[in-house]
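None of the figures in this text is laboratory data; all of them are computed from the coordinates on show. Only a predicted model underlies this, so the values are computations on that prediction, with no experimental measurement involved. Note that each Cβ is placed from the backbone with ideal geometry, even for glycine, and that neighbours are counted across all protein chains shown.
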Amino acid sequence: MRKTVFSAQPFAFSFDPATTAFIVIDMQRDFLEPGGFGAALGNDVAPLRAIIPTVSRLLSAARTSGLCVIHTRECHRPDLSDCPPSKRLRGDPSLRIGDEGPMGRILIADAQGAAIIPELAPLPDEIVLEKPGKGAFHATALDEILRTHGISQIIFAGVTTEVCVQTTMREANDRGYDCLLAEDATESYFPAFKAATLEMIRAQGAIVGWTATSAQLLEALD
Ligand code: TIU
């Protein structure tokens with residue numbers, strides 16, 4: 001057991017690399033590139049692209065420190081049997097889930113748009129979890145995977161802060177994992193939502209978990 005303690009908000013976070021997962025949420029072309037799902041919903045993808053170098057640095061450090069690295073992808077089967085009509089029909093996007101877009105069918109598992117961006121490509125031995133929901137526990141084996149690997153702490157990065165990241169982090173917290181979100185390795189299409197999410201996570205004595213900057217994390221992972 002090799003406990004590392006470092007400064008975080010609202011107070012110090014301690015973890016053992018052997019029992020810690022680094023989960024990178026949905027850094028997919030569909031959310032980060034023009035012509036994908038995020039853009040079809042009317043969003044500017046540029047702010048999300050700005051975190052790519054930071055996520056990349058954390059990913060390298062997590063790999064070097066021997067953390068269990070997991071990448072998630074929000075995506076659906078080609079027949080949409082795992083996509084509730086309520087999700088597909090919500091709002092007024094220019095392209096709906098399953099529609100043909102410039103990167104193939106929107107959010108469909110084998111389409112180019114659903115791929116993780118090349119800058120953060122998973123290594124062959126890393127877990128890539130396909131998830132049909134916003135949360136990574138819904139209709140997936142994530143809890144079983146984490147327990148099989150003996151994981152008790154999770155460090156999160158990825159997009160978007162208040163949607164897939166927060167949903168997953170809240171559920172992980174309920175399942176007993178100590179969770180920390182890397183503040184500058186997550187982003188939202190809505191800056192105010194990101195700021196509010198970071199605050200609500202660490203309020204009330206880390207009611208959902210901790211946050212820390214990538215600099216704090218990189219020093220701890222060194
Ligand atoms: N990955 C994720 O957050 N999926 C979304 O649909 N996010 C939005 O902010 N739309």
Worksheet, complete the sentence: Residue by residue through the range 162-174, the couplings from Karplus 6.51 cos²θ - 1.76 cosθ + 1.60 with θ = phi - 60°, in Hz, x for Gly and Pro, are 8, 9, 6, 5, 5, 4, 5, 5, 4, 6, 4, 4, 5
Worksheet entry | Spin-label pair Ala192/His138, simplified geometry with 7 Å Cα→Cβ offset, distance in nm | 2.5
Worksheet entry | Shape of the range 113-222, Cα gyration tensor, a/c cut at 1.5 | rounded
Response to the item:
Rounded to the nearest 10 degrees, the helix 52-64 long axis (Cα) sits at an angle to the longest Cα principal axis of the chain of 50
Worksheet item: Taking a quarter of the surface of the convex hull around the Cα atoms of the range 144-195, what do you get in nm²?
Response: 3.6
Worksheet entry | Antiparallel content of DSSP bridges confined to the chain, in %, to 5 | 20
Worksheet entry | FRET efficiency for Ser14 and Ala109, using Cβ-Cβ distance with R0 set to 41 Å, rounded to 0.05 | 0.65
Response to the item:
quick note, the range 93-222, DSSP beta bridge pairs, % antiparallel (nearest 5) is 15
Worksheet item: Given 20 °C and 1.002 mPa s, how large is the Stokes-Einstein diffusion coefficient of the range 9-153 in µm²/s, with Rh as the Kirkwood radius over Cα pairs?
Response: 132
Discussion item. Number of Lys pairs in the chain with C-alpha atoms less than 28 angstrom apart, excluding same-chain neighbours closer than eight positions?
Written reply: 5
Worksheet item: For Ala121 and Thr148 in the same chain, what is the full-extension length gain: residue separation times 0.36 nm, less their Cα-Cα distance, in nm?
Response: 7.3 nm
Practice prompt. Choose one of Ala114, Pro34, Met103: the residue whose Cα lies farthest towards the positive end of the charge dipole of the chain (beta-carbon charges +1 Lys, Arg; -1 Asp, Glu; about the Cα centre).
Written response: Ala114
Worksheet item: Sorted by mean Cβ packing within 10 Å, highest first, what order do the peptides 13-21, 150-158, 110-118, 200-208 take?
Response: 150-158, 13-21, 110-118, 200-208
Fill in: About the Cα centre, charge dipole magnitude for the chain (Lys/Arg +1, Asp/Glu -1 at Cβ), debye
220
Worksheet item: What does the highest-first list of 50-56, 3-9 look like by mean Cβ count within 10 Å?
Response: 50-56, 3-9
Worksheet item: Extension gain Leu129-Ala46, at 0.36 nm per residue separation less the Cα-Cα distance, in nm?
Response: 27.4 nm
Discussion item. Under 20 °C and 1.002 mPa s, how fast does the range 67-109 diffuse according to Stokes-Einstein, given a Kirkwood radius computed over C-alpha pairs? Answer in µm²/s, whole number.
Written reply: 186
Fill in: Most to least packed among 164-175, 87-98 [average Cβ atoms within 10 Å]
164-175, 87-98
Worksheet item: Measuring from centroid to centroid over Cα atoms, what is the spacing of the range 189-222 and the range 1-50 in Å?
Response: 10
